[in-house]
Amino acid sequence: MKRERKPIATRPKPTPTIVPTSAEHFEGLYQALDFVARERRYLAFFQAPPIESAFAFFRNIVENDLCQVLAIENGSVIGWCDVLPKFGDACAHVGTLGMGLIPSARHRGIGSMLLAAGIERAWTADISRIELSVKADNTNAIALYKRFGFINEGVNRMAFFMDGQFFDTYTMALLRGKDGHSITHSPRSESE
């Protein structure tokens, strides 16, 4: 005689709120950034910069209304996504994407929420090209970027050196068309 298994009751995880960065979140953002950096797996640095430098960087984002959004859950920053302008007049239309999630926020759809909000804010800020660099072995992030229409533009061989080992990275980009929507194919130049 088989016993019927009862489902285990689990509490649903709270849904985070996606908000633009503000001064009240600087400490939490710093902690999240430092946590992800110390994992030594995803970011180009192994710990957050000195807190004064980080806060100055965050203040610049807020004061200049640059594109950075945070995932807040139970009052804590659990992730971020920014699309920050590239330096140079000829590159004023280009934003560089950076994002991260603390481990407990991964595999819950929060990365998608952050990326969608970041892209929307970037398009609103007249960015027409969003580019990023991602470690070639970060298959979850690469799949996320591809779902949003990012195209792999090339391999940067031996771009990261971590714990005695070289890693390749991919350069990926998303373009905004004249209609304001993402271009999910390689557009040809007008002269072709």
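Need one number: nm distance between label points at F87 and M158, each 7 Å from Cα along Cα→Cβ, rounded to one decimal.
For F87 paired with M158, the spin-label model returns 2.6 nm.
Using only Cα atoms and rounding to the nearest 10 degrees, what angle (0 to 90) does helix 51-63 make with the longest principal axis of the chain?
70
So which chymotrypsin sites (Phe, Trp or Tyr not before Pro) in the range 18-119 are both in a DSSP loop and have at most 13 other Cβ atoms within 10 Å of their Cβ?
Numbers: sites: F26, Y30, F35, Y42, F45, F46, F55, F57, F58, W80, F87; in loops: Y42, F45, F46, F87.
Qualifying residues, ordered by number: F45, F46, F87.
Could you state the angle between the C-alpha long axis of helix 110-124 and the longest principal axis of the C-alpha atoms of the chain, as a value from 0 to 90 degrees rounded to the nearest 10?
So the helix axis and the longest Cα principal axis differ by about 30 degrees.
Using only the Cα atoms of the range 41-192, what do you get for the radius of gyration and for Dmax, in Å?
That works out to 16.0, 53 Å for Rg and Dmax.
Could you please state, rounded to a whole Å, how far the C-alpha centre of the range 117-154 is from the C-alpha centre of the range 21-61?
Measuring centre to centre over Cα atoms gives 20 Å.
Taking the chain as the reference, fit the longest principal axis to its C-alpha atoms, fit the long axis of helix 26-38 to the helix C-alpha atoms, and give the angle between the two in degrees, 0 to 90, nearest 10.
Once rounded, one gets 90 degrees.
Per the helix-only calculation at 222 nm, which mean residue ellipticity applies to the chain, given -39500 (n - 2.57) for every DSSP H run of n ≥ 4 and division by its residues, nearest 500 deg cm²/dmol?
Rounded to the nearest 500, the figure is -8000 deg cm²/dmol.
Given R₀ = 22 Å, FRET efficiency for V19-R106 by Cβ-Cβ distance, to 0.05?
Calculated value: 0.70.
Starting from the range 18-67, pick out the GluC sites (Glu not before Pro) whose DSSP state is loop and whose Cβ has at most 13 other Cβ atoms within 10 Å.
On the way: sites: E24, E27, E39, E52, E63; in loops: E39.
Answer by residue number: E39.
Of G100, G75, G111, which is the most mobile in a GNM of the chain whose springs link Cα atoms less than 10 angstrom apart?
G75
Give the total of Lys-Lys pairs in the chain with Cα-Cα distances below 27 Å; include a pair only if its members are 8 or more places apart or on different chains.
Count of close lysine pairs: 6.
A short reminder: the numbers here are calculations on the coordinates, not readings from a lab. Just so it is clear, the model here is predicted, and its values are computed rather than measured. Note: ideal-geometry Cβ built from the backbone for every residue, glycine included; neighbour counts use all protein chains shown.
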